[in-house]
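Before any comments, here is the structure.
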Amino acid sequence: MPDSAREFFSAVFLVIGAFFYLAGTVGLLRFPDVYTRLHALTKADNLGLGFLVLGLAVQAESLAAALKLLLIWPLTLAASATVGYLIARRARALGISPWLRPEDR
Amino acid sequence: MNLALVFDLLLALMLLWSAWRALAAPNATRAVVMFIVFGLFLTLAWGRLDAPDIALAEAAIGAGLTGALLLDAVRTLGESAGADAGGARSPWRWPVLAFSPLLAVILVVAVLEAPQQLVDLPAVVERNMGLSGVTHPVTAVLLNFRGYDTLLEVAVLLAALFGLLALAQGAASAATRESFLLHTLARLATPPMIVVAGYLLWAGAHQPGGAFQAAAVLAAAAVLLHLAGLLPAWVAPGRLLRLGLAGGLLVFLAVAILPLAHAPLLTYPPAWAGALILLVETALTVSLGLVLAGLFLFLSGRSLRDEETR
């Protein structure tokens, strides 16, 4: 792949990744309770980081470096899914009830 | 103003902000969480300063392990512990507020007024790299040129663990039933973590990495296994564990003393330097990993038993 095409794909992936991080951050700030905020954050972790490492892997100097970058993704997926679950479980144990739309209360 | 400068200024602001939030937090948990956030910003700052070795150590030890230790301490002591000791109404507030900016000014002036360095240290390191046995300058300085600093650091860490062992009341921890997901994550993550530790150890010879970073990853794996209920807390170290804890320092000392007959302490013969450094770093990885894990595992015997398992 010529360098300009690499740069282009890398930029596209990085921008998509940044978008998911932005969306996750907006969700963290704007969503009403801990469970919905977790939902927003895990999306940022999963898709945002996925596109980010993809964008960086395209630019990597060697295949080994690209694979190392891509390895970060499944590791973080497993960790973030588990941590998200643990936080939600702890919140439930503390008796925080999920947010409901006003008309459903 | 270019973009990198904007980023650096933002980073500096976030460092100050997170440090302030950690100090001004209304309860202990928030303070610890903000301390971890501060550690992550500090990691980024070291990265921006082109110091990936320190960034790795800060992320793994400063933010990661220390954060876990502090969270565990909060859980054991209870949320309100120390809340009144240094709060906003403390009589020390004004002297501290007055003294901190003064100290900052003194430090800035000291940096600006620092005398010209008589020896150009980076150039000296560069010239002697051929003798060091490794190709990564940081490792050459830490394990060869200034090896006794590292030797003493290891001794200090071991002494800290001795102090902790003297204080910790041994209490056998009950086996905890932890969640299936955490259990699975710990089982899945531990083998790659051991591989990463080995990789960091090996990489230290020619790129950022080395014994401290590798040991931090090993210790993190031990803490994860412990939190998942797969590894019980340590009560009193048996013979094998004692050997493991002290082994790194013993090997380092032996390597340091070896040339004493015809040369000063810690002078490796250049032909052997690479192999000796690898030997020392391997022993240090195991021992420091056990020491760092021990800081957590020796302490948490009691707190885990007390916690309600859901």
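No value in this document is a laboratory result; all are computed from the given coordinates. Bear in mind the structure is a predicted one, so any value in this text is a computation, not a measurement. Please note: Cβ atoms are built from the backbone with ideal geometry, for glycine as well, and neighbour counts cover all protein chains shown.
Structural remarks
- Normalised contact order of chain B, rounded percent, pairs of Cα under 8 Å and 6 or more residues apart: 20
- Student exercise, chain B dipole from Lys, Arg, Asp, Glu Cβ charges, in Debye to nearest 20: 660
- Mean Cα-pair separation over length for the stretch A:3-100, i.e. relative contact order, pairs under 8 Å, 6 or more apart, %: 31
- Label-point gap, in nm, between B:A166 and A:A91 - each point 7 angstrom along Cα→Cβ: 4.6
- Counting neighbouring Cβ atoms within 10 Å and putting the fewest first, the residues B:R239, A:R90 line up as B:R239, A:R90.
- From the largest down, the stretch A:38-105 spans 55, 25, 9 angstrom on the principal axes of its Cα atoms.
- Structure-based [θ]222 nm, the protein assembly as shown - -39500 (n - 2.57) summed over DSSP H runs of at least 4, per residue, nearest 500: -23500 deg cm²/dmol
- When the protein assembly as shown is described by a simple charge dipole with +1 on each Lys and Arg Cβ and -1 on each Asp and Glu Cβ, the residue from B:M193, A:L86, B:P26 located farthest towards its positive end is A:L86.
- Farthest positive-ward along the protein assembly as shown dipole, Cα basis, beta-carbon charges - from A:G24, B:A98, B:V109: A:G24
- Neighbour-count order for B:D8, B:D120, A:D45, A:D104, fewest beta carbons within 10 angstrom listed first: A:D104, B:D120, B:D8, A:D45
- Listed by number, the DSSP H helices of chain B that run 18 Å or longer by alpha-carbon position along their axis and have mean Kyte hydropathy of at least 1.0 are B:3-24, B:28-48, B:93-112, B:147-167, B:180-203, B:211-227, B:239-257, B:270-297.
- Note on B:W20 and B:Q117: with the Förster distance fixed at 25 Å, the Cβ-Cβ geometry gives a FRET efficiency of about 0.15.
- Principal-axis tilt of helix A:34-43 within chain A, Cα atoms, nearest 10 degrees: 10
- Percent of Cα pairs exceeding the 28 Å cut-off, where the set is chain B: 51
- Helix A:3-30 vs. chain A, principal-axis angle (Cα, 0 to 90°, nearest 10): 10
- Rounded to the nearest 20 debye, dipole of the stretch B:103-217 from Cβ charges on Lys, Arg, Asp, Glu: 400
- Size estimate for the stretch B:135-310 follows the Kirkwood approach: the inverse of mean 1/r over distinct Cα pairs works out to 17.3 Å.
- A crude spin-label estimate for the pair B:H262 and A:L22, with each label 7 Å from Cα along the Cβ direction, gives 6.8 nm.
- Extending 7 Å from Cα along the Cβ direction at B:L152 and again at B:T76 yields two label points whose distance is 2.9 nm.
- Dipole of the stretch A:3-100, positive direction: furthest Cα of A:F51, A:S10, A:W99, with charges on the beta-carbon: A:W99
- What separates the Cα centres of the stretch B:1-62 and the stretch A:62-105 is a distance of 23 Å.
- Least to most buried among B:F162, A:F31 (fewest other Cβ within 10 Å first): B:F162, A:F31
- Dipole magnitude for the stretch B:148-301: about 360 debye, using +1 per Lys or Arg Cβ and -1 per Asp or Glu Cβ, origin at the Cα centre.
- Descending semi-axes in Å of the protein assembly as shown, equivalent ellipsoid built from Cα gyration tensor: 37, 30, 26
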